[in-house]
């Protein structure tokens with residue numbers, strides 16, 4: 001019987017291909033690609049609806065179309081992924097605000113501004129029909145859940161502290177976010193539309209405080225669309241709509 005060299009097993013180990021340390025990096029790359037695709041899809045779906053070209057989403061995400069299809073093989077898969085990502089982010093924003101010390105009204109304000117940036121009123125209605133409730137909430141990440149309870153607790157904290165009017169309810173918060181994130185008519189003719197929505201949200205949140213509260217000192221950001229600017233925008237919207245019909 002042939003004797004094995006005492007070094008043979010060591011040599012065999014040395015001849016094996018080294019274990020690649022690329023796997024964690026590749027997983028990180030895949031996560032980053034997924035996040036970029038979902039972010040781009042959210043923006044494109046908000047602007048163009050759920051039938052927007054997938055090539056445009058891939059371009060905005062900075063990935064190839066093959067990468068998009070690897071992550072989301074079908075359009076409904078992508079729609080479900082975007083909706084789940086939005087609700088996951090809304091839940092995270094509500095939890096973060098609920099855990100923050102200080103004025104409960106300011107915590108509610110921070111949550112509403114974060115939710116506004118997610119464009120939930122533009123994105124989710126456009127994707128309805130592409131998923132069931134179970135599919136949506138089953139795809140949320142980590143310990144994220146339906147944000148309704150978290151937002152309601154945040155609001156209850158404000159009412160209990162006397163920082164929010166006692167007659168303000170959940171719908172007054174979420175439906176206003178949806179209204180402010182719906183696209184305005186005219187295809188973006190309003191200057192700095194996103195900043196304008198944040199300005200209007202600050203006005204709204206100040207109005208949630210109970211009578212007799214100290215005068216709010218929130219500085220209004222965003223564009224101030226005065227009567228002259230609004231008249232100009234309105235004329236452009238009407239003229240463009242007429243030109244499209246002709």
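The values are calculated or read from the model by the stated rules, or taken from the named source; none is laboratory data. Here the structure is a predicted model, which is why all the values come from computation and not from measurement. Positions of Cβ are generated from backbone atoms using ideal geometry, with glycine treated the same way; all protein chains shown enter the neighbour counts.
Couple of notes before you dig in:
- Top-ranked residue in the range 87-105 [being in contact (Cβ under 8 Å) with a residue 40 or more places away in the chain and out of contact with any helix residue (DSSP H, G or I) (no Cβ under 8 Å at 6 or more places or on another chain); ranked as farthest from residue 41 (Cα to Cα)]: 103
- Those residues of the range 53-64 which are more than 13 Å from residue 37 (Cβ to Cβ) and touching a helix residue (DSSP H, G or I) at 6+ places or on another chain (Cβ under 6 Å), in sequence order: none
- Residue check, residue 166 more than 19 Å from residue 91 (Cβ to Cβ), loosely packed, with under 13 Cβ neighbours inside 10 Å and modelled with pLDDT of 80 or more: yes
- Any hit, the range 46-61, residues being at pLDDT below 95, part of a helix (DSSP H, G or I) and over 23 Å from residue 132 (Cβ atoms): yes
- Residue match in the range 65-86 (condition: touching a helix residue (DSSP H, G or I) at 6+ places or on another chain (Cβ under 7 Å), exposed (fewer than 15 other Cβ atoms within 10 Å of the Cβ), in a helix (DSSP H, G or I) and free of Cβ contacts under 8 Å to residues at least 24 places away in the same chain): yes
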